[in-house]
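**Q** I'd like to ask some things about the structure below.
Taken together, the values in this text are just the output of simple stated rules run on the coordinates, not laboratory data. Treat the numbers as computed from the prediction; the structure is a model and nothing was measured. Note: ideal-geometry Cβ built from the backbone for every residue, glycine included; neighbour counts use all protein chains shown.
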Amino acid sequence: MRKFVLIFIIIPSILIAQNDVNEVVVIKSDKQIEKFASSLGQNELKIDFLDLLIFPALTVGYEKTNNSSSGIGATLFLNLGSSDNDLGSFWNDKFVITPYYRFYFTKSEDFGSKGFFAEVFSKFAFGESQSFLNVLGIDTYETDNYFDIAPGFAVGNKWINRKGFTFEFLFGLGRNLLYDNESENSDSGRSTVVVRGGFSIGKRF
């Protein structure tokens, strides 16, 4: 009788233990990662809400993922500041397009084109700057239109859920190639250094 009781106790315990192991052990191969990334789509549209709230300015981006480790894309910046109270009215750049190439450093549990990334970019900016002048004791401002190119480097992080919605932040620095700080007025608001940053929400398709 005791043998039958022990059998009824031991067998269910073994089955439960096997089920626990089967549920916990999940192997995600590179093939699975690529398959899931492909199922979400290779195209992504995103909007930078930080620029929209601060300036205001509209920054939209597009990215195409080559695979789970890299992607190529571009962002478009449009300054919407009009009134004197808007920070955008004091921002020199009016229209900017920034193409980039990214390298994603994913872990085995990630699902491709997400996680920490590093990118190289080139910023093409059109804008206008105001220089302070004093002519015969009269203070005046001179407005100059400009175009500049700034290559740079940025790092950031991206998250993506199973529905394909993304959130990312990035920060980077570049250098204006056409800006001459010796010939231009220091009050113009321009500088040699370029800052690239933002917080974006997007969707894969």
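**Q** From the cross-link list Lys94/Lys203; Lys46/Lys158; Lys31/Lys163; Lys46/Lys163; Lys114/Lys203, which pairs have alpha carbons spaced over 18 Å apart? Please report the intermediate quantities before stating the final value.
**A** Values: Lys94/Lys203 26 Å; Lys46/Lys158 12 Å; Lys31/Lys163 20 Å; Lys46/Lys163 15 Å; Lys114/Lys203 13 Å.
Violating the 18 Å limit, Cα to Cα: Lys94/Lys203; Lys31/Lys163.
**Q** For the pair Phe147/Lys35, report the inter-label distance in nm, with labels modelled 7 Å from Cα in the Cβ direction.
**A** About 5.0 nm separates the two model spin labels.
**Q** Stretch Ile54-Phe124 to full length: gain in nm at 0.36 nm per residue minus the Cα-Cα span? All intermediate terms of the calculation are to be shown ahead of the outcome.
**A** Details: separation 70, 0.36 × 70 = 25.20 nm, distance 2.14 nm.
Additional length available on full extension: 23.1 nm.
**Q** Can I ask one more? For an R0 of 35 angstrom, estimate the FRET efficiency from the Cβ-Cβ distance between Gln42 and Leu173 and round to the nearest 0.05. Present the calculation step by step, with values, prior to reporting the outcome.
**A** On the way: r = 29 Å, r/R0 = 0.83.
E between Gln42 and Leu173, to the nearest 0.05, is 0.75.
**Q** Starting with the fewest neighbours, write out Asp93, Asp51, Asp180 ranked by other beta-carbon atoms found within 10 Å of each beta-carbon. Write down the numbers at each step before the final one.
**A** On the way: Asp93 21, Asp51 24, Asp180 9.
Starting with the residue having the fewest Cβ neighbours, the order is Asp180, Asp93, Asp51.
**Q** Continuing with the same structure: Among Val195, Val120, Val96, what is the fewest-to-most ranking by other Cβ atoms within 10 Å?
**A** Lowest count first: Val195, Val120, Val96.
**Q** In terms of modelled amide H atoms, which long-range or inter-chain residues lie less than 5 Å from the amide H of Phe165?
**A** Distant-sequence amide H within range of Phe165: Arg204.
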